[in-house]
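Undergrad: Here it is, the structure, as structure tokens.
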Amino acid sequence: MLLRGSGQHAGQTYDDRFAIDADTDSGLPHARLLLDFAEVCSALSADLSDRREAVRDTLGEAALVDAAATIAIFQAVVKIADATGIPLEDAKAEISAEFRADLGLDAFVAE
């Protein structure tokens, strides 16, 4: 949702389906590289070192730090929200309805 808003602000269009289908052209520079990095960080895969170096070599040290920090905060926030059962606020549900439908996210709602 924030990426969509950032894109609109910058006059860019991004395809959110990339988060679910990696064959989709997201419109983001280096999207595959960053998604691969996020996936190995989340899984603590043996490929982590190689993927980290690929991000550093392609985008630089500062981008690696930004990517790692973004991955870390999303991991923390999602786990906290899930663990405490925080419901999606009505305003966020309304503005994210199309986005959630496009990605099929409502199928993951826990009761």
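Bear in mind that the values in this text are calculations on the coordinates, not laboratory data. These numbers come from a predicted model, not from an experiment. Note: ideal-geometry Cβ built from the backbone for every residue, glycine included; neighbour counts use all protein chains shown.
Undergrad: At 20 Å minimum axial length over the Cα atoms and a Kyte-Doolittle cut of 1.0, report the qualifying DSSP H helices in the chain, or say none. Could you put the intermediate results ahead of the total?
TA: Details: long enough: 61-84 (35 Å, 1.23).
Sorted by number, the helices that extend far enough and score high enough are 61-84.
Undergrad: Can you tell me the length gained on complete extension of the stretch residue 17 to residue 105, counting 0.36 nm per residue apart and subtracting the Cα distance?
TA: Numbers: separation 88, 0.36 × 88 = 31.68 nm, distance 1.07 nm.
Contour length minus the Cα-Cα distance gives 30.6 nm.
Undergrad: While we're looking at this one, here's another question. Which log10 I(q)/I(0) values, to two decimals, does region 15-111 give at q = 0.15, 0.23 Å⁻¹ under the Debye formula with one point per Cα?
TA: The computed values of log10 I(q)/I(0) come out as -0.75, -1.28.
Undergrad: Now, a different point. At what distance in nm do the modelled label points of residue 48 and residue 91 sit from each other, each positioned 7 Å from its Cα along Cα→Cβ?
TA: 3.7
Undergrad: Nothing charged except the Cβ atoms of Lys and Arg (+1) and of Asp and Glu (-1): what's the magnitude of the dipole of region 36-99 about its Cα centre? Round to the nearest 20 debye.
TA: Values: 5 positive and 13 negative charges, 44 e Å.
Taking the Cα centre of region 36-99 as origin, the dipole is about 220 debye.
Undergrad: Starting from the Cα gyration tensor of region 25-66, take the square roots of the eigenvalues, sort them a ≥ b ≥ c, and report rounded, prolate or oblate (rounded when a/c is under 1.5, otherwise prolate if a/b is larger than b/c, else oblate). Numbers along the way, then the final one.
TA: Values: a/c = 2.05, a/b = 1.20, b/c = 1.71.
Since a/c reaches 1.5 but b/c is at least a/b, the shape of region 25-66 is classed as oblate.
Undergrad: Still on this model: Given the rule -39500 (n - 2.57) for each run of at least 4 DSSP H residues, summed and divided by the residues of the chain, what is its mean residue ellipticity at 222 nm, to the nearest 500 deg cm²/dmol? Before the final figure, lay out the partial values.
TA: Details: 5 runs with 72 residues, N = 111.
Computed ellipticity for the chain at 222 nm equals -21000 deg cm²/dmol.
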